[in-house]
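Comments concern the structure below.
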Amino acid sequence: MSPSARTTAVVTGGAQGIGRAVADRLAADGADVIVGDLRDPGDLGVRQRWVELDVTSELSAGALAAVVGESVDVLVNNAGIMFEASIAEQTVEQWDMAMAVNLRGPWLMTKALLPQLQADGGGAVVNIGSIEGIGSNPLHTAYSASKAGVHGLTAAMAVDLGPLGIRCNAVAPGWIDTALNRDYLDRLPNRDQAIAELAVLHPVGHIGDPADVASTVAFLASRDARFVSGQVVVVDGARTTKLSLPPSLSPDA
Ligand code: NDP
């Protein structure tokens with residue numbers, strides 16, 4: 001995406017959180033941004049418009065593709081869901097929903113927008129994966145499996161779509177300060193302690209902001225990344241780079 005050319009971007013799940021930060025960043029960089037989400041965020045900027053979208057539905061993906069115009073330069077597959085459940089307690093419906101939103105969604109949206117992504121010399125797809133596609137937190141079998149799938153899908157799409165002029169990369173965020181995480185922390189009796197302990201997990205000394213993910217997405221979507229494809233870029237303040245030690249051996253203790 002060249003900063004001088006008028007470009008079009010589609011951001012799924014762009015009503016709030018990381019997706020909203022991505023939609024704001026791409027609009028600030030000069031793109032016309034279509035925010036595809038289940039609900040209208042209601043407060044979009046002039047370069048942004050909402051199109052109702054359920055990424056689990058082929059009909060809905062097709063309906064969005066029918067209204068976005070002939071060319072899409074950037075597709076950001078961000079919509080995602082997460083829930084905690086043991087394997088014993090998890091239902092087949094929960095598993096299937098995680099896969100339908102987190103993994104089939106990016107595939108389906110890319111498929112629906114293929115003609116537009118190929119137009120004008122080819123576009124860029126950025127999938128939002130997770131560090132939980134590399135490791136896992138407890139009770140996240142469906143979430144981790146779906147995000148590992150997103151990383152594999154990214155590689156496969158880069159291979160298959162490269163000859164069509166489409167680059168595909170993923171961003172794997174670590175702990176990002178979104179409403180989802182904030183609500184979770186606010187519910188903890190030891191919230192302040194948890195926040196302090198989270199900071200220690202991160203060699204950079206703090207958790208991430210949605211804007212930290214958005215700036216990485218903006219780079220991968222840009223012409224500056226024209227030779228970057230098939231990559232998973234971890235944005236986690238080195239959390240997954242830091243090896244864990246037992247408390248008795250840790251200088252942080
Ligand atoms: P949020 O829950 O804040 O935002 C997700 C958005 O996606 C919501 O607006 C939601 O709408 C929308 N959405 C959910 N299901 C669908 C669907 N079927 N079709 C269209 N839109 C949908 O999440 P985050 O901003 O925290 O996360 C965004 C992405 O980043 C996700 O893929 C997540 O897995 C990933 N991620 C997040 C991390 C974090 O720390 N926050 C860390 C690593 C990865 P509604 O609210 O109406 O359901």
* State all residues of the range 126-176 that are in a helix (DSSP H, G or I) and more than 15 Å from the ligand (Cβ to nearest atom); if no residue qualifies, say none. => Gly152, Ala155, Ala156, Met157, Ala158, Val159, Asp160, Leu161, Gly162, Pro163, Leu164
* Asked: Yes or no: Val46 loosely packed, with under 15 Cβ neighbours inside 10 Å and either near the ligand (Cβ under 9 Å from one of its atoms) or among the β-branched types (Val, Ile, Thr) (or both)?
  -> yes
* Asked: Going by the structure shown, is Gly123 buried (at least 23 other Cβ atoms within 10 Å of the Cβ), more than 16 Å from the ligand (Cβ to nearest atom) and modelled with pLDDT of 95 or more?
  -> yes
* To do: Using the structure shown, decide if Ser144 is among the polar types (S, T, N, Q), more than 20 Å from Val74 (Cβ to Cβ) and at pLDDT 95 or above.
  => yes
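Quick grid of which residues meet (1) at pLDDT 95 or above; (2) among the aromatic types (Phe, Trp, Tyr); (3) over 14 Å from the mean Cα position of the chain (by Cα):
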site	(1), (2), (3)
Gly149	yes, no, no
Tyr184	no, yes, yes
Ser215	yes, no, no
Leu220	yes, no, no
Ala253	no, no, yes
* Structure fact -> Quick count over the range 59-83, residues being loosely packed, with under 12 Cβ neighbours inside 10 Å and either of a type in the set (S, T, N, Q) or more than 30 Å from Arg223 (Cβ to Cβ) (or both), is 1
* Asked: When the range 157-178 is examined, which residues are found to be over 14 Å from the mean Cα position of the chain (by Cα) and closer than 12 Å to Val232 by Cα?
  -> Ala158
* Structure fact -> Residues of the range 210-232 being crowded, with 19+ Cβ neighbours inside 10 Å and within 15 Å of the ligand (Cβ to nearest atom), in sequence order, are Pro210, Asp212, Val213, Ala214, Thr216, Val217, Leu220, Val232
* Asked: So which of Trp95, Trp107 is crowded, with 16+ Cβ neighbours inside 10 Å and farther than 25 Å from Asn181 by Cα?
  -> Trp107
* State which residue pairs qualify: first residue free of Cβ contacts under 8 Å to residues at least 12 places away in the same chain and inside the range 75-102, second residue surrounded by 20 or more Cβ atoms within 10 Å (Cβ to Cβ) and not polar (S, T, N, Q) in any location, beta carbons under 8 Å apart, and separation of 6 or more residues or different chains. => none
* Asked: Where residues in the range 79-106 are near the ligand (Cβ under 9 Å from one of its atoms) and in a loop (DSSP other than H, G, I, E, B), which of them is farthest from the chain's Cα centre (by Cα)?
  -> Met82
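The values are calculated or read from the model by the stated rules, or taken from the named source; none is laboratory data. In this text, all values refer to a predicted model and were calculated from it rather than measured experimentally. FYI the Cβ positions are ideal-geometry reconstructions off the backbone, even for glycines, and counts take in every protein chain you see.
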